[in-house]
Amino acid sequence: VWLMLARVLTEVGDREERICAVDHAIGLDGRSTEAWDLKAELLAIAERFDEAVEACRNGASVCTADTRVLRGREAWIQARRRRLPEAVQLMRALLEENASYAWGWSELASWLREQGNLEEATKAQEQLQRLCPHDAGVSRQLGFLRLKQKDNAGAMDAFATAVALSPTDINAAHNL
């Protein structure tokens with residue numbers, strides 16, 4: 001219930017109330033990866049980055065399951081902090097151990113694209129496509145990456161896959 005409260009309070013003035021609700025949830029179940037992750041996310045959104053990283057690390061030290069989520073969140077915090085090289089390094093290390101972590105591949109592809117490293121972003125997006133073969137958005141993003149690399153045939157294949165998966169995907173259809 002406390003986590004739900006933290007999620008539904010959305011007004012800017014509710015920021016501290018949301019963090020307090022998450023702290024209450026952690027007090028009730030200190031091993032909840034979901035609670036520690038939400039706390040870190042809320043702190044990062046409030047630009048309290050050091051506290052957010054600390055929440056990730058504290059959570060990872062007590063949680064018994066899904067600690068990859070907290071390690072991924074720590075990388076996300078570094079990206080939000082505009083420390084993309086560090087975020088990429090942290091996420092790559094995590095993905096070496098957890099190659100099936102789809103959210104991690106998605107974030108990594110985005111950060112690499114933002115850094116202008118299209119070749120590596122494409123590799124990350126291709127891995128994400130292997131993990132999420134029925135996600136039209138993943139195929140569409142792969143098409144855009146291939147377009148930027150002047151791989152028109154590869155882009156057409158990716159956009160065609162996106163349209164086949166989601167016939168109403170206007171962006172993929174337009175680019176096809």
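The values are calculated or read from the model by the stated rules, or taken from the named source; none is laboratory data. Quantities reported herein were computed from a predicted structural model and do not represent experimental measurements. Glycine also receives a Cβ, built like all others from the backbone with ideal geometry; neighbour counts cover every protein chain displayed. Please note that ligands, DNA and RNA were not included when accessible areas were found on the heavy atoms of the full protein model with its side chains. Shrake-Rupley method; radii C 1.70, N 1.55, O 1.52, S 1.80 Å.
Of all residue pairs spaced 6 or more apart or on separate chains, those with beta-carbon atoms under 7 Å, a first member in segment 45-67 that is at negative phi and a second member that is of a type in the set (Ser, Thr, Tyr) and open to solvent by less than 80 Å² (accessible area, probe 1.4 Å) are GLY59/THR33; ALA60/THR67; CYS63/THR33; ALA65/THR33; THR67/THR33.
Conditions (1) open to solvent by less than 90 Å² (accessible area, probe 1.4 Å); (2) part of a loop (DSSP other than H, G, I, E, B), marked per residue:
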| residue | (1), (2) |
| --- | --- |
| GLU16 | no, no |
| ILE19 | yes, no |
| ASP23 | yes, no |
| GLU34 | no, no |
| ASP37 | yes, no |
| GLU47 | no, yes |
| ASP50 | no, no |
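GLY72 fulfils the conditions (1) open to solvent by 20 Å² or more (accessible area, probe 1.4 Å); (2) assigned to a helix (DSSP H, G or I); (3) under 22 Å from SER32 (Cα atoms) except for a single criterion, (1).
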